[in-house]
Amino acid sequence: MATARGLRRLLTSSRWRLGRRGVSQSRALAALVPGVSQLDNNSNFLGKRPHRRHPGILQLPCVEVPEALAAAAQLLLLQSPMPHLEKQVRALTNYLWSRHLPVEPEELQRQAVHLEEKFLENPDLPQTEEKLRETVLRALRKTTYHWQELSYNEKLSLVYMVAKLDGGFAAVSRAFHEIRARVPEFQPQTLLDFGSGTGSVTWAAHNTWGQSLREYMCVDSSAAMLDLAEKLLKGGSESGEPYIPGVFFRQFLPVSPKVQFDVVVSAFSLSELPSKADRIEVVQTLWRKTGHFLILVENGTKAGHSLLIHARDLVLKGKEKSPSDPRPGFVFAPSKKKLKEEKFSMVILARGFPVEANRWPRITQPVLKRPRHVHCHLCCPDGHMQHAVITARRHGRDLYRCARVSSWGDLLPVITPSESELPPSPAKDPPGS
């Protein structure tokens, strides 16, 4: 009974405090004064909106796993009972959260050379080549992180479902919400989910754009995970009608370089790849298959953030051009959010030019609310960081109250001067950029 209560709590009571509402791009904006951490509220950017719904609010108020998905998950668990399930879920969650990136061969070689030089300086250690090699290898085994690939069989797939189904659904829903809020006219018809796992991306996409989406391509190397995702779509059985039509399952990415999808998603999947070379190949492939938006989501850890920074730079600085789509890419939305039970990093890359997107700075840390002033740490459109101290006396009541109700990940409705007007400042990647 304790297990049943735990599953019921995990699968049917997942609520996520994510903020609310969208962005209106037609409002006038305040201007950010560079270099002096001040904001100028000379224009009526708020209009008749209440401050708690100012144009930069992008948070979701609450996300719940769809009832059909939760019911199917519970049925699958009843059909395949496992002893000590809650303990296994905690163990897998802790393992995924604490996981580091695999050590690259070049880095391992560098460490070996350093240890060898260090041991050679010690006259008390054996100096024969064979014994020196054994000493170095023994030291490397103790100091090197041993990354292991997870093989998702039927049992581990069920444990992963309980551990990550609701959290993955909420994180991807946050990314989809940002696109829909800022580009309401965007109505995708096709979606590619790389590393689809339990299929939470498909459910979140259907929840957001169910009226327009016609094809969902789910790609995962694990046959057991694909089978589980298909059963979830069919209500927990193998023969039922799928809840979402147009879903296809594959173990490999589509081969044709000309095939593109309106939305491409990789959620918690880059960290499952065994090497940097594999990640580069996958990111390049996913970008070539992106028609409009590429969404990358990872755990909100240092390793997850690092993965997204490298993937972002690979797309933005890459010289490789798709023969069928030469449009450049730009960052549509970076974010790093700590929710009640899930912390994630994401980056949304879009085809086209930055002028097509809203160019407001994003709040990169929790807003510090102090008596009569607010601290906002901003990532500006040109990449430089700004620490804005906002007061009602200096910047106006409207902007002060808007900043006070804003949250980490929201956009602050101000514009920055052109990059040429900014004083030089060292750029450093903020959390979630």
Read phi for every residue in region 347-352 and hand back ³J(HN,Hα) as whole Hz from Karplus 6.51 cos²θ - 1.76 cosθ + 1.60, θ = phi - 60°, with x for Gly and Pro. 9, 10, 9, 10, 7, x
Sequence of TYR160, TYR216 from largest to smallest accessible area, 1.4 Å probe: TYR160, TYR216
How far is it, in nm, from the label point at HIS310 to the one at TRP97 when both lie 7 Å from their Cα along the line to the Cβ? 2.4 nm
Can you give the FRET efficiency to the nearest 0.05 for ARG133 and SER256, using r as the Cβ-Cβ distance and R₀ = 41 Å? 0.30
Taking 7 Å along the Cα-to-C-beta vector as the label spot, tell me the TYR145-ALA277 distance in nanometres, rounded to one decimal. 2.1 nm
How about region 42-121: which GluC sites (Glu not before Pro) there are in a DSSP loop, with at most 14 other Cβ atoms within 10 Å of their Cβ? GLU121
Kindly rank 258-267, 385-394 from highest to lowest mean number of other beta carbons found within 10 Å of each residue. 258-267, 385-394
Residue-level accessible surface for LYS131, protein heavy atoms, 1.4 Å, Å²: 110 Å²
Using a 1.4 Å probe and counting only protein heavy atoms, arrange ARG138, ARG182, ARG372 so the residue with the most accessible area comes first. ARG372, ARG138, ARG182
The rounded separation in angstrom of the Cα centers of region 248-327 and region 55-103 is 24 Å
Which residues in region 226-270 have a backbone N closer than 20 Å to a point placed 7 Å from the Cα of GLN79 along the Cα-to-Cβ line? 226-250
Phi to ³J(HN,Hα) by Karplus 6.51 cos²θ - 1.76 cosθ + 1.60 over region 268-278, Hz, x for Gly, Pro: 6, 10, 4, 5, 8, 7, x, 8, 5, 4, 5
Loop-located GluC sites (Glu not before Pro) in region 142-192, at most 13 other Cβ atoms within 10 Å (DSSP): GLU149, GLU185
Tally Lys and Arg at +1 and Asp and Glu at -1 over the other residues with C-beta under 14 Å from the C-beta of LEU92: what net charge comes out? +3
Accessible surface of LEU60 in the full protein assembly, 1.4 angstrom probe, to the nearest 10 Å²? 20 Å²
Taking region 230-291, which GluC sites (Glu not before Pro) meet the DSSP loop condition and have no more than 14 other C-beta atoms within 10 Å? GLU238
FRET efficiency for ALA303 and GLU215 from the Cβ-Cβ distance with R0 = 30 Å, rounded to 0.05, comes out at 0.40
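The values are calculated or read from the model by the stated rules, or taken from the named source; none is laboratory data. Note that the coordinates shown come from a computational prediction; the quantities given were computed from them, not determined experimentally. Cβ sites come from the backbone with ideal geometry, for glycine too, and all protein chains shown count toward neighbours. Keep in mind that these areas ignore ligands, DNA and RNA; they rest on the heavy atoms of the full protein, side chains included. Shrake-Rupley method; radii C 1.70, N 1.55, O 1.52, S 1.80 Å.
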